[in-house]
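Undergrad: Below you will find the structure I want to go over with you.
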Amino acid sequence: MDTLSQPLSQPLGQPLAHGGGAAPRAAAQQRALEAGRAWPLGASVDGDGVNFAVVSAQATRIELCLFDADGERELARAPLPARSGDVWHGRLTGAAAGLVYGLRAHGPWRPERGLRFNPHKLLLDPWAREIVAPAGGFDWNQPHFGAEAAHAAHTDRRDNARHAHKARVVGTESAPTVPPPRHPLAQTVLYELHVRAFTKRMPGVPEHERGTYAGLASDAALAHLTRLGITAVSLLPVQHKLDEQALAARGLVNHWGYNTLGFFCPEPRYAAGSEPRREFRAMVERLHAAGIEVILDVVFNHTAEGGVHGPTLSWRGLDNLGWYRVPEGDPAGYENWSGCGNTLDIRQPRVLQFVLDSLRYWVGAMGVDGFRFDLAPVLGRDAAHFDRAAAFFKALAQDPALQGIKLIAEPWDLGPAGWQLGQFPAGWLEWNDRFRDTMRAFWLGGDGTRGEFALRLAGSADLFQQRARLPLESVNYIVSHDGFDLADLVSYDLRHNEANGEDNRDGPAHNLSWNCGWEGPTTQPDVLARRARLERALLATLLLAQGTPMLAAGDEIGHSQRGNNNPYCQDNDITWLDWDSADDSLVEFTVHVLDIRRRLMPLGMRWYTGLPDAHGLADLAWLHRSGRPLTVAEWDNRSSRVLGALVGAPGGGGARLLLLVNARDMDVEFQLPAGHWLVELDTTQPDGRSDRRLPGAGGHALPARSLLLLRDDAPAAAAREARGPTR
């Protein structure tokens with residue numbers, strides 16, 4: 001390949017649609033492409049020019065196309081003049097930040113061989129730092145598809161440049177200046193939220209900032225988070241997304257954002273102003289200053305190009321086989337382990353580099369503190385099956401720019417043996433759906449045993465301990481963005497997803513929920529009281545359990561999504577948190593339980609043995625309501641829902657704690673161990689607070705559907721007795 005500099009050439013077959021005025025035309029004619037260099041990938045300002053480096057192992061030519069500032073008119077086009085291995089590159093002298101560009105890739109159109117080159121389609125640079133969206137938004141009626149609609153074997157020769165996404169060159173970016181809090185796992189409380197839904201209706205947030213990065217950084221939002229005691233917000237996807245064609249046809253949007261187009265770009269619809277990157281960084285700084293870390297939900301399992309019949313936006317047109325996994329013996333198709341039509345091929349070195357470059361960018365330039373990886377087993381599939389020693393995990397573990405960040409896996413995908421909970425490398429956190437399902441079933445009348453409840457409450461040792469993992473690597477949750485929220489979990493037996501436009505067929509049918517005697521809204525006092533008590537019991541179970549707890553935003557205020565358990569396409573008051581109707585007592589309850597967790601850490605960082613110490617007392621003992629240890633038969637009894645956990649023996653440091661659980665619908669009597677018991681938490685109370693003292697070695701009434709946490713106040717009691725009666 002000739003690496004000498006050459007002038008920008010005219011496109012073949014048609015004149016350029018010049019329209020940027022005399023100055024842009026003159027500038028385009030004077031600029032020249034030099035060889036440049038093969039790194040870094042993407043577009044980077046380089047002194048008095050811009051260097052472009054594009055990956056494609058199969059293309060025969062990559063063209064750089066320049067546009068006016070609005071991305072409306074193509075001003076000039078030329079092939080990148082140099083190639084180093086699989087990287088095409090060139091340097092445009094005289095160019096600077098702000099330049100708008102796209103790419104065209106030449107090569108064979110042989111879908112049956114996995115080759116899908118079509119130079120009539122303008123392609124977005126995968127490493128784009130800023131995206132210029134087409135005027136009026138992305139129009140699915142425009143020719144964005146590589147093949148003809150009626151003849152999939154034929155290329156669609158219509159040019160889509162005017163209506164395609166382009167990239168804009170950005171200058172050097174500096175990271176936020178406020179240092180990250182770096183909370184240890186023992187102090188971490190995750191709070192999953194959607195940037196838009198969280199503040200869209202929040203009082204105290206300036207109107208123009210509601211639903212934005214600035215809104216999340218507002219005084220009102222920070223006050224709520226700090227009042228709760230949240231240490232890390234886990235943001236649903238905030239990378240530049242594309243609404244799917246099917247949603248656009250129904251007048252809906254991909255509200256959750258799990259359809260990424262720009263892996264280096266903040267979603268512009270969440271920006272109050274015109275500079276999303278700057279606003280995002282300012283948000284991170286404000287959260288850090290408040291002691292709150294920022295975790296991003298990232299989607300490296302698939303792209304917005306969908307399946308075989310999806311559009312040609314970027315990766316497919318640049319090098320289909322270099323980016324996507326295809327079935328063995330059928331390169332015309334795609335492995336669909338994401339459920340979204342395609343699966344990125346992390347086995348390819350450039351795909352691995354792409355993922356790591358994106359992670360480094362968000363940590364280094366944007367200041368984030370960690371990531372939650374959607375459908376994370378995809379990233380560990382060097383072959384068809386998951387491997388915890390896969391190249392991605394090794395590369396991530398040794399990357400100096402990514403040390404100390406929090407790594408969280410959604411440990412399942414749709415590939416072979418897709419459920420991989422507990423199988424990730426040490427140091428990773430994992431969403432624990434076994435915890436979710438067990439606690440729902442135990443409290444809401446589903447099938448389960450005391451043994452399963454205790455196993456999940458104490459860190460899920462069967463999943464983590466045997467692989468030398470820490471209890472805190474289990475991310476415990478009752479609800480997340482996906483499925484019923486907490487209020488609906490105790491208000492609906494059935495999903496009610498009619499608003500999604502899929503005849504209520506979407507979303508999980510099996511929710512382990514209970515409507516407490518009435519489906520949906522009601523004014524019946526007994527039903528409402530039952531629901532409120534169960535909400536508190538579920539929250540307390542989550543926040544006191546061993547592991548890292550994750551709250552879903554809105555659960556603490558009693559927000560309802562009206563029975564919709566799949567509101568991924570609802571950017572409206574179904575998902576926007578209803579702060580005006582917030583349950584203040586439930587907020588106070590959550591504040592109180594999180595304060596208890598910080599002060600007492602009922603179940604700590606270490607694995608418990610259940611073995612007796614020098615005093616003959618176990619570090620963790622499970623009790624029958626009679627006060628004796630549970631028998632094997634009682635552990636496996638599927639009809640009982642009452643048990644106690646005695647934590648911490650004399651000499652082990654700290655006071656003994658006693659957790660009492662009654663998930664039955666009737667009061668029971670529980671025989672307390674010897675001690676002077678102070679009630680720290682009583683979930684029958686709206687705010688959970690109590691100042692009662694209970695004598696040990698006696699029976700105590702344990703109310704229906706309740707959880708109590710007691711602390712042995714023996715030293716203080718002894719001191720009071722020594723002082724004698726007060727005068």
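The values are calculated or read from the model by the stated rules, or taken from the named source; none is laboratory data. These numbers were taken from a predicted model, which means no experiment stands behind them. All Cβ positions, glycine included, derive from the backbone under ideal geometry; neighbour counts span all protein chains shown. For accessibility, only protein heavy atoms count, side chains too; no ligands or nucleic acids. Shrake-Rupley method; radii C 1.70, N 1.55, O 1.52, S 1.80 Å.
Undergrad: Which of the numbered conditions does Gly422 fail, given that it passes all the others? Conditions: (1) closer than 29 Å to Ser560 by Cα; (2) touching an Asp or Glu at 6+ places or on another chain (Cβ under 8 Å); (3) among the small types (Gly, Ala, Ser).
TA: (1)
Undergrad: Just one of the numbered conditions (1) farther than 27 Å from Asn51 by Cβ; (2) crowded, with 21+ Cβ neighbours inside 10 Å; (3) not aliphatic (A, V, I, L, M) is not true of Asp125; which one?
TA: (1)
Undergrad: Within segment 479-508, count every residue that is in contact with a strand residue (DSSP E or B) (Cβ under 8 Å, 6 or more places away or on another chain) and either of a type in the set (D, E, K, R) or more than 20 Å from Gly520 (Cβ to Cβ) (or both).
TA: Matching residues across segment 479-508 total 3.
Undergrad: Look through segment 159-213, keep the residues that are at pLDDT 95 or above, open to solvent by less than 30 Å² (accessible area, probe 1.4 Å) and touching an Asp or Glu at 6+ places or on another chain (Cβ under 6 Å), and return whichever of them is farthest from Met605 (Cα to Cα).
TA: Out of the qualifying residues, it is Ala161.
Undergrad: Which numbered condition in (1) among the charged types (D, E, K, R); (2) assigned to a loop (DSSP other than H, G, I, E, B); (3) over 26 Å from Arg434 (Cβ atoms) is the only one that Asp580 fails?
TA: Condition (2) is where Asp580 drops out.
Undergrad: Go through segment 97-154 residue by residue and tally those that are touching a Leu at 6+ places or on another chain (Cβ under 7 Å) and small (Gly, Ala, Ser).
TA: Looking only at that region, the number is 4.
Undergrad: Between residues in segment 40-65 that are at pLDDT 95 or above and residues that are hydroxyl-bearing (Ser, Thr, Tyr) and crowded, with 24+ Cβ neighbours inside 10 Å, which pairs lie under 7 Å by C-beta distance while being six or more apart or on different chains?
TA: Matching pairs, first to second residue: Ala43/Tyr101; Ile62/Ser56; Leu64/Tyr101; Cys65/Tyr101.
Undergrad: OK, next. Please state which of the following conditions Glu535 fails to meet, knowing it meets all the rest: (1) assigned to a loop (DSSP other than H, G, I, E, B); (2) buried (at least 22 other Cβ atoms within 10 Å of the Cβ).
TA: (1) is the only condition that Glu535 fails.
Undergrad: Right, something else. Could you identify the single residue in Ser513, Ser491, Ser460 that is open to solvent by less than 50 Å² (accessible area, probe 1.4 Å), touching a Lys or Arg at 6+ places or on another chain (Cβ under 8 Å), in contact (Cβ under 8 Å) with a residue 40 or more places away in the chain and on the phi > 0 side of the Ramachandran plot?
TA: Only one candidate qualifies: Ser460.
Undergrad: Select from segment 637-688 the residues that are of a type in the set (D, E, K, R) and either in a strand (DSSP E or B) or open to solvent by 30 Å² or more (accessible area, probe 1.4 Å) (or both) and list them in ascending order.
TA: Arg638, Arg656, Arg664, Asp665, Asp667, Glu669, Glu680, Asp682, Asp687
Undergrad: Picking from Arg598, Arg606, Arg628, Arg562, which residue would you name as being touching a His at 6+ places or on another chain (Cβ under 8 Å) and open to solvent by 60 Å² or more (accessible area, probe 1.4 Å)?
TA: Only one candidate passes the filter, namely Arg562.
Undergrad: In addition: Answer yes if at least one residue in segment 438-451 is of a type in the set (Asp, Glu), within 29 Å of Trp622 (Cα to Cα), without any contact (Cβ under 8 Å) to a residue 40 or more places away in the chain and open to solvent by 50 Å² or more (accessible area, probe 1.4 Å), and no otherwise.
TA: No, the conditions are met nowhere in segment 438-451.
Undergrad: Can I ask one more? Look through Ala96, Ala59, Ala78 and report the one residue that is surrounded by fewer than 22 Cβ atoms within 10 Å (Cβ to Cβ) and in a loop (DSSP other than H, G, I, E, B).
TA: One residue alone meets the criteria, Ala96.
Undergrad: Among (1) part of a loop (DSSP other than H, G, I, E, B); (2) crowded, with 23+ Cβ neighbours inside 10 Å; (3) not hydroxyl-bearing (Ser, Thr, Tyr), which single condition is Ala384 missing?
TA: The number of the failed condition is (2).
Undergrad: A further question on this structure: For Ala95, are the conditions met, namely being under 24 Å from Leu344 (Cα atoms), over 31 Å from the mean Cα position of the chain (by Cα) and at pLDDT 95 or above?
TA: no
Undergrad: Here is a follow-up. Can you tell which of Leu472, Leu586, Leu551 is in contact with a Lys or Arg (Cβ under 8 Å, 6 or more places away or on another chain) and buried (at least 18 other Cβ atoms within 10 Å of the Cβ)?
TA: From the options Leu472, Leu586, Leu551, the qualifying one is Leu586.
Undergrad: Only residues that are farther than 22 Å from Trp431 by Cα and either free of Cβ contacts under 8 Å to residues at least 12 places away in the same chain or open to solvent by less than 30 Å² (accessible area, probe 1.4 Å) (or both): list them for segment 565-574, please.
TA: Once the filter is applied, which keeps residues that are farther than 22 Å from Trp431 by Cα and either free of Cβ contacts under 8 Å to residues at least 12 places away in the same chain or open to solvent by less than 30 Å² (accessible area, probe 1.4 Å) (or both), segment 565-574 yields Cys569, Gln570, Asn572, Ile574.
Undergrad: Let me ask something else. Right, Ala621: open to solvent by less than 30 Å² (accessible area, probe 1.4 Å), out of contact with any Ser or Thr (no Cβ under 7 Å at 6 or more places or on another chain) and free of Cβ contacts under 8 Å to residues at least 40 places away in the same chain or not?
TA: So Ala621 passes the test.
Undergrad: A further question on this structure: Working only within segment 62-75, note down all residues that are assigned to a strand (DSSP E or B) and hydrophobic (A, V, I, L, M, F, W, C).
TA: Once the filter is applied, which keeps residues that are assigned to a strand (DSSP E or B) and hydrophobic (A, V, I, L, M, F, W, C), segment 62-75 yields Ile62, Leu64, Cys65, Leu66, Phe67, Leu75.
Undergrad: Confirm whether Arg598 is at pLDDT 95 or above, in a loop (DSSP other than H, G, I, E, B) and not polar (S, T, N, Q).
TA: no
Undergrad: Name the single residue, out of those in segment 691-702 being of a type outside the set (A, V, I, L, M) and surrounded by fewer than 17 Cβ atoms within 10 Å (Cβ to Cβ), that is nearest to Trp443 (Cα to Cα).
TA: Gly699
Undergrad: Moving on to the next point. Mind listing whichever residues of segment 579-621 are of a type in the set (Ser, Thr, Tyr) and closer than 30 Å to Leu528 by Cβ?
TA: Within segment 579-621, Ser581, Ser585, Thr590 meet the criteria.
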